[in-house]
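Input: a single structure, listed below in structure tokens.
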Amino acid sequence: MKNELEDNFGHALQLLVTHLIKNAAKIAKPVLQGALDFENFSWRSLDDDAKRSRLREIAELTEAPSDVHRHFEAYPHKFSQAGYARYLTALRLYKESLGA
């Protein structure tokens, strides 16, 4: 069954990681691994408890006051900042859907 909130989060996470690869010095391993798991479709095979746990870890590393959040606060391009805002919305909605 297709989960639109999960798919939206996965896409936003992949775009976030792509930006960070091009523009930041280091990406936390759980964030990168999450994006890779969406890319290779292995995220869907995780049970809900594993998804919640991994999602909380990714959120901690990407929401305020994380290094990622500070990166986007200081980033000069509005397009990238808007992409980060879309990521945060997708993250929030997916977290709510999982009860994370």
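Please treat every number below as a calculation from the coordinates, not as lab data. Treat the numbers as computed from the prediction; the structure is a model and nothing was measured. Glycine also receives a Cβ, built like all others from the backbone with ideal geometry; neighbour counts cover every protein chain displayed.
What's the angle, to the nearest 10 degrees (0 to 90), between helix 29-39's Cα axis and the longest principal axis of the chain?
That works out to roughly 60 degrees.
Would you compute, from DSSP H runs of 4+ residues alone, the mean residue ellipticity of the chain at 222 nm, taking -39500 (n - 2.57) per run and dividing by the full residue count, rounded to the nearest 500?
Here the helix-only value at 222 nm equals -24500 deg cm²/dmol.
Taking the Cα centre of the chain as origin, work out the dipole magnitude from +1 charges on Lys and Arg Cβ and -1 charges on Asp and Glu Cβ, in debye rounded to 20.
Computed about the Cα centre, the dipole is about 280 debye.
Multiply the residue separation of A50 and A82 by 0.36 nm, subtract the distance between their alpha-carbon atoms, and state the gained length in nm to one decimal.
Extra length available between A50 and A82 comes to 8.6 nm.
How large is the Kirkwood hydrodynamic radius of the chain, counting all unique pairs of alpha carbons, in Å?
In the chain this quantity evaluates to 13.5 Å.
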